[in-house]
1. Check whether at least one residue in segment B:117-139 is outside any helix (DSSP H, G or I), within 28 Å of A:Arg116 (Cβ to Cβ), of a type in the set (Asp, Glu) and within 14 Å of chain A (Cβ to nearest Cβ), and report yes or no.
2. Can you confirm whether B:Pro47 is touching a helix residue (DSSP H, G or I) at 6+ places or on another chain (Cβ under 8 Å), crowded, with 23+ Cβ neighbours inside 10 Å and touching a residue at least 40 places away in the same chain (Cβ under 8 Å)?
3. Has segment B:168-184 got any residue that is closer than 26 Å to B:Pro47 by Cβ, more than 10 Å from every other protein chain (Cβ to nearest Cβ) and touching a Phe, Trp or Tyr at 6+ places or on another chain (Cβ under 7 Å)?
4. Go through B:Met159, B:Met118, B:Met128 for me and flag whichever is surrounded by 15 or more Cβ atoms within 10 Å (Cβ to Cβ), in contact with a strand residue (DSSP E or B) (Cβ under 7 Å, 6 or more places away or on another chain) and closer than 23 Å to B:Arg88 by Cα.
5. Buried (at least 24 other Cβ atoms within 10 Å of the Cβ), more than 11 Å from every other protein chain (Cβ to nearest Cβ), under 23 Å from B:Ser460 (Cβ atoms) and under 25 Å from the mean Cα position of the chain (by Cα) - does that describe any residue in segment B:344-363?
6. For segment B:8-45, give me the residue count where each residue is part of a loop (DSSP other than H, G, I, E, B) and more than 22 Å from B:Lys67 (Cα to Cα).
7. Which members of segment B:55-65 meet the condition of being among the polar types (S, T, N, Q) and away from chain A (no Cβ under 14 Å)?
8. Which ones in segment B:66-87 are among the β-branched types (Val, Ile, Thr) and within 12 Å of another protein chain (Cβ to nearest Cβ)?
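The values are calculated or read from the model by the stated rules, or taken from the named source; none is laboratory data. In this text the structure is predicted, and so the values were computed from the model without any measurement. Positions of Cβ are generated from backbone atoms using ideal geometry, with glycine treated the same way; all protein chains shown enter the neighbour counts.
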Amino acid sequence: MNKPEKNIHPILSLVFSVMLFATGLLFVKKPWFVIYLAAFLILLLLFRFERTMLRTIPFVLIFGALTAGLTAVNGTPSDILYAFYRVLALALAAVLSISIKPIRLVRAFNQLKVPRWISLGLLIVIRFMQIFYEEIQQIRQAIVLRGIRFSETPLLWARAFFIPLIVRVLSISEGLAISLETRAFSTELEGSSYETIDFKKKDRLFAALFLACLLPFIYLSLGDLK
Amino acid sequence: MKPTLEVKNLSLSYNLEENKPNEKRLWVFKDLSFQIEEGEFILLTGPSGCGKSSLINAINGVIPNLKDAYTEGYIYILGNEMANSSVRERTKIVGSVFQNPREQIIFDEVADEIVFPMENLGKMPQEMQTTLDELLSLTGLAKDAKTATLSGGEKQKLMTACTLGMGQKILILDEPLANMDARASAELLELLKKLSEEESYTVILVEHREEMILPYVDRIFSCVDSDAENVCMEIEIREDVEAYREELRTAVEEAAQKKALEAESVQMQSLKNTKGPVDREILFSVERLDYKIGGRCLFNDFSWEIRRGEEWVVLGDNGCGKTTLFRLLNDFIKPSAGKLSSLYSKKEKRKKLGYVLQNPDYQLFMPSVRSELYLSAKSPDFVEELIRLFKLEDMLDRHPLSLSEGQKRKLGFACIIANEPEVLFLDEPTVGLDTASVDQLLHALELLKARSKKPLTVVSISHDKRAIPHLGNQFLRLSK
């Protein structure tokens, strides 16, 4: 069975993620920022984003501590708190964007007639980052297998790490290019879509609740400006 | 009637200078001409690094469109001259399955990968669904399986399925069976034969394990050394498949006899070197191990022991967890439950264990073949012996990564055994190697056994029937 969060329309997720990120950074110094965070946390939990939220916790802890720590060097306690809040706002926005399945986003873009070189380019960039991470893991293991330790021979270790990494990255880039060409990918042709990504009732409900949560805070923020 | 594929005076060289006189070029092949008719099933065979992949890349357009090479001559596909056409043009007619499937996967899930080329061709969703279901049933892959968690063989099945889904009537497959288990290989060959016989597909298949393919093929294109100056290979076309099979059988029997004699002499040497009675201490012990990944349970209540001097071959269908077991034994991953213990500490493992990876690219990084071999070698004499055995004399100053895939695989193997490990893990060591290279590799293993102060323990993963009987005498069969 599909994970529940996959059911939110990918473009909606992307747009709301950007909105959450922008408003989060804008509202960070507002006295009601914690209520704003809580409102969206509840909304995301209602729509079953709990697994993705759990995945962001290490990021929040590491980067939160790091930014708060750096701010503490010559900042006030409230500066430290705001720095931590910014990381929280970023993580909240990331929950929506990292829950998007790349292929659904590409298909949704295709339906909106976004050029394929943009939508598929985006997908390949996402995929390449994942491959890059896997390659680093493999190379590190290969280094261990040849008995090379960074502490004993750092130059040799660097060689054993970077040479295969460069070669693998080039080889994978070439492999991906050949793979695309020989699988009839073309930027000129429209192609078809295996799956139609429609706006469903759930998406409309999510959008309505999202805006219902966000608009009062925007109103409050505008009131503060006056 | 025009042939499906016609190659006329085709020449290919990796010397790229346009103005270089032809007589000064080193040609992979020169003035190659042949025709292939509709519905023919062709086996393209020959030693590792002889130029088979270059030829098929010239046919499908990867050369010169995506890989640089100097070419001359004509390629006619369905009567149309294609030598100057793009890969995309040729892809409409020619489907290609390449080596290294890992580098070609774009999507997270199996179904998305298979339907991607069909989407590009503008097929209707219902048609895609029907083809997808057929291909999933053929390959045994799960629709929503994560591509990152697939084994090497499963990735190869996936890329083959992607090509079959496009429905081109000319299929070129470059070692599609390299990592596949026997059942999957037989199923794919049956399917290709059915497509060629019943639906007039033209199939060109590159493979070293000829004995497996011969029952299916109509003609054999054998790459042999060329007599011409500055030309590496030429093609011998054999139509008498039965006679070729007989010749192959005789050659295999002769090689087996020769190997038996050599093995006897190495064993004699080995006996002389063995000091005292054979030590049978337990090196690895696995007790009630569970391992789960991506929702798949690979091991459940699994127990096993490896004792010193034992020679195990781990067998099983693609994706059953063979490489994962090696990774567990080498401490790269931790079991979900159960106990895994070893006589060696983590530090000792790095010194006394050797592990030959499936892909040699990860283990080669020195500036020359020579420095790569001597990097962790224990004895210069043994390295010299390995250089002679693997015929690396002329390549010692070359960069290891400039070698052909087969040569890199042999070099990677030589580098690991030059360290004279007590325990050797071999993960598909013979993939992509011709029979002569497999023999070299097995001979090197015998030499290592003869040199080892303690009885050598070997644990191998292989689907290769040529190598399995020589890699071990105990078998562990894993099932899904």
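1. Scanning segment B:117-139 turns up no residue that is outside any helix (DSSP H, G or I), within 28 Å of A:Arg116 (Cβ to Cβ), of a type in the set (Asp, Glu) and within 14 Å of chain A (Cβ to nearest Cβ).
2. No, not satisfied.
3. Keep residues of segment B:168-184 that are closer than 26 Å to B:Pro47 by Cβ, which gives B:170-182, B:184.
Then drop every residue that is not more than 10 Å from every other protein chain (Cβ to nearest Cβ), which leaves B:170-171, B:173-182, B:184.
Among the residues that remain, those that are also touching a Phe, Trp or Tyr at 6+ places or on another chain (Cβ under 7 Å) are: B:171, B:174.
Yes: segment B:168-184 contains one or more residues that are closer than 26 Å to B:Pro47 by Cβ, more than 10 Å from every other protein chain (Cβ to nearest Cβ) and touching a Phe, Trp or Tyr at 6+ places or on another chain (Cβ under 7 Å).
4. B:Met159
5. Checked segment B:344-363: no residue is buried (at least 24 other Cβ atoms within 10 Å of the Cβ), more than 11 Å from every other protein chain (Cβ to nearest Cβ), under 23 Å from B:Ser460 (Cβ atoms) and under 25 Å from the mean Cα position of the chain (by Cα).
6. 4
7. Our first condition is that a residue be among the polar types (S, T, N, Q); within segment B:55-65, this holds for B:57, B:60, B:65.
The answer is none; no residue qualifies.
8. Of everything in segment B:66-87, just one residue is among the β-branched types (Val, Ile, Thr) and within 12 Å of another protein chain (Cβ to nearest Cβ), namely B:Val87.
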